[in-house]
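Data first, discussion second: the structure below is written as structure tokens.
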Amino acid sequence: MQSLKSLYTFQVRSYYKILKNCFKYYWVKSRNVKSVDDLVERHFKYWSEPSHINRPGLTAALNVTKLENPVLVETGTSAYGTDSSRLFDAFVSHFGGTFYSVDLNPLASKRLIFQHSRQTHFYIGDSVNFLKDVLVDKTKKVDLFYLDSFDVDWQNPLPAAQHGLAEFNALKKYIRKGTVIVVDDTPATIDYIPKHFHKYTFKFLEEFGVLPGKGALILKEFQKMKNVQVLLHEYNLVVQFT
């Protein structure tokens, strides 16, 4: 009986939170936005943190993303932390375009139920398969990619880096001049990595020549390319194809 009561209480709280966020979503959406900078500032004020570590990179990326019917793709749906899915939804809602987001966990997009525009489309599944087999039926080019689908284990960072590289290889066919790619959790300096993981960091650096992170192996690919411009590299990596 107690377990049923606890379950009921949990469900009521969950529905209340969704309802509360729905009202907040429409209230925030009604605020006046005149520029990309306004949009980003509003997002991090109401949905994240004004000083969030990912804000500079996302600001740089969205400011160079074309505003004429852009296509945005995110691997790793987010309804917390950076709350990037909300940000990209707001971008296409205000400036036009289409936003696709994919995640293995169905709860990620369920948290955003009734809180996104018609231009946003959520998918459940493996991000690499999505990029290879599903997205190709939706679009032939992408203006902005945000890669954030595999959490980095700083003690064992290689799997996240390998997954990131697999995503990059799968998305190459959508790249055009002007395409922007943002890779989260790809630190430019060791200061971003907790000190108690530094021995694993140095091991990775010695083997691969770059610091560990989701985009570590992608960065090695970028370094070989002449048509890639690094716009910002702090905690996340932001590049644009020229």
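The values are calculated or read from the model by the stated rules, or taken from the named source; none is laboratory data. None of the values given here were measured: they were computed from a predicted structure. Using ideal geometry, Cβ is built from the backbone for each residue, glycine included, and neighbour counts are taken over all protein chains shown.
Per-residue answers, yes or no, for (1) assigned to a helix (DSSP H, G or I); (2) over 17 Å from VAL71 (Cα atoms):
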position: TYR100; (1), (2): no, no
position: PHE122; (1), (2): no, no
position: VAL128; (1), (2): yes, yes
position: LYS132; (1), (2): yes, no
position: VAL136; (1), (2): yes, no
position: TYR146; (1), (2): no, no
position: HIS163; (1), (2): yes, yes
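Selection of the range 178-207 for residues being out of contact with any strand residue (DSSP E or B) (no Cβ under 6 Å at 6 or more places or on another chain) and closer than 30 Å to VAL136 by Cβ yields GLY178, ASP184, ASP185. When the test is whether a residue is in contact with an Asp or Glu (Cβ under 9 Å, 6 or more places away or on another chain), assigned to a loop (DSSP other than H, G, I, E, B) and not charged (D, E, K, R), SER117 passes it. Take the residues of the range 208-242 that are in a loop (DSSP other than H, G, I, E, B), out of contact with any helix residue (DSSP H, G or I) (no Cβ under 8 Å at 6 or more places or on another chain) and not polar (S, T, N, Q): which is farthest from ASP184 (Cα to Cα)? So, considering only residues that are in a loop (DSSP other than H, G, I, E, B), out of contact with any helix residue (DSSP H, G or I) (no Cβ under 8 Å at 6 or more places or on another chain) and not polar (S, T, N, Q), the one farthest from ASP184 (Cα to Cα) is LYS226. Of all residues in the range 147-160, at least one satisfies being polar (S, T, N, Q) and in contact with a Phe, Trp or Tyr (Cβ under 6 Å, 6 or more places away or on another chain).
Can you tell me which residue is farthest from THR186 (Cα to Cα) among those in the range 50-67 that are in contact with a helix residue (DSSP H, G or I) (Cβ under 9 Å, 6 or more places away or on another chain) and not in a helix (DSSP H, G or I)? Among them, the one singled out is LEU67.
Taking every residue in the range 154-180 that is closer than 16 Å to PRO212 by Cα and pairing it with any residue that is at pLDDT 95 or above and among the basic types (Lys, Arg), at least 6 positions away or on another chain, the pairs with Cβ-Cβ distances below 8 Å are ALA160/LYS214; ALA161/LYS214; HIS163/LYS214; GLY164/LYS214.
Restricting the first member to the range 25-36 and to residues that are closer than 16 Å to SER48 by Cα and among the acidic types (Asp, Glu), and the second to residues that are crowded, with 16+ Cβ neighbours inside 10 Å and at pLDDT 85 or above, no beta-carbon pair is closer than 7 Å while six or more apart or on different chains.
One residue alone among LYS177, LYS203, LYS172 is part of a helix (DSSP H, G or I), among the charged types (D, E, K, R) and over 19 Å from the mean Cα position of the chain (by Cα), and that residue is LYS203. Looking only at residues in the range 13-45 that are surrounded by fewer than 15 Cβ atoms within 10 Å (Cβ to Cβ) and aromatic (Phe, Trp, Tyr), which one is modelled with the highest pLDDT? Ranking the candidates gives TRP27 first.
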